[in-house]
Amino acid sequence: MQNKLQNFISLQAVPQVLKLLEHDNLLVKIKNERKTRHGDYMRLPNGKHQITINSNLNEYRFLITLIHEVAHFEAYNKYGRFIKPHGIEWKKTFQHLMLPFLNPEIFPIALLPLLAKHFKNPKASSDSDSILALALKQFDEPNNKTFVFEVPLGQTFKLYNGKIYKMGEKRTKRFECVEVKTGRLYLFNPNAEVELIPAKAAV
């Protein structure tokens, strides 16, 4: 596992991460990109616990996601199976586990204030924090994707599944977008990554 982790997170973070993973009944698997999640945690039928992380994440998002999922495992062990997935028990556990990593040896100086603010009340996904998500995106491999909140009103865009939508107004937290083919209205997370479509191509 150590050799694998060195390919995905900074060397300075590896020793602390390995200590967190020293459990006989905890499995960590690195998966190909999944469009709907960065990682997940589950209790297996045999009593073991499994964490999966996407292989395409940059080293900072990978580490945050890994600790996020480890926090689910630790919260389960400490508080039991009936807690809310992202309730107060998980939040406290995530904050506690993440604190030792919030230093300039592991994260860029520019990210640390944003991370400190985020972890005052961590969300179910770091993508829910638009400022942090945009800052983390700067460390991704270059691509042609943009966040929904950056899409101009009336602009068409394509989702990973090929469906095309037209940008609408913002509600309290999400954006109203109309699927061009069906005319149906959908609400989009502001940090969903989409591909802009030039006006001529959308016709």
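Would you point out which residue out of LEU136, LEU132 is in contact (Cβ under 8 Å) with a residue 40 or more places away in the chain and buried (at least 18 other Cβ atoms within 10 Å of the Cβ)? Steps first, please.
Working: LEU132 fails: in contact (Cβ under 8 Å) with a residue 40 or more places away in the chain.
Just a single option satisfies the conditions, and that option is LEU136.
Is it the case that region 147-165 has a residue that's touching a residue at least 12 places away in the same chain (Cβ under 8 Å), over 29 Å from ALA71 (Cβ atoms) and among the charged types (D, E, K, R)?
Yes; the residues of region 147-165 include at least one that is touching a residue at least 12 places away in the same chain (Cβ under 8 Å), over 29 Å from ALA71 (Cβ atoms) and among the charged types (D, E, K, R).
Take PHE149 and tell me if it is outside any helix (DSSP H, G or I) and either within 18 Å of the chain's Cα centre (by Cα) or not aliphatic (A, V, I, L, M) (or both).
Spelling it out, it is not the case that PHE149 is outside any helix (DSSP H, G or I) and either within 18 Å of the chain's Cα centre (by Cα) or not aliphatic (A, V, I, L, M) (or both).
Which members of region 163-182 meet the condition of being over 25 Å from LEU136 (Cα atoms) and in a loop (DSSP other than H, G, I, E, B)?
Those that are over 25 Å from LEU136 (Cα atoms) and in a loop (DSSP other than H, G, I, E, B): LYS163, VAL180, LYS181, THR182.
Just one of the numbered conditions (1) assigned to a loop (DSSP other than H, G, I, E, B); (2) in the same structural domain as GLY183 (by TED's automatic domain parsing) is not true of PHE107; which one?
Status for PHE107: all satisfied but (2).
Looking only at residues that are loosely packed, with under 11 Cβ neighbours inside 10 Å and closer than 21 Å to SER128 by Cα in region 162-203, which one is farthest from the chain's Cα centre (by Cα)?
Out of the qualifying residues, it is GLU169.
Any idea which of ILE83, ILE64 is assigned by TED's automatic domain parsing to the domain that holds PHE107, farther than 15 Å from LYS31 by Cβ, under 14 Å from the mean Cα position of the chain (by Cα) and buried (at least 16 other Cβ atoms within 10 Å of the Cβ)?
Among ILE83, ILE64, only ILE64 is assigned by TED's automatic domain parsing to the domain that holds PHE107, farther than 15 Å from LYS31 by Cβ, under 14 Å from the mean Cα position of the chain (by Cα) and buried (at least 16 other Cβ atoms within 10 Å of the Cβ).
The values are calculated or read from the model by the stated rules, or taken from the named source; none is laboratory data. Computed from a predicted model, the values in this text were never measured in an experiment. Please note: Cβ atoms are built from the backbone with ideal geometry, for glycine as well, and neighbour counts cover all protein chains shown.
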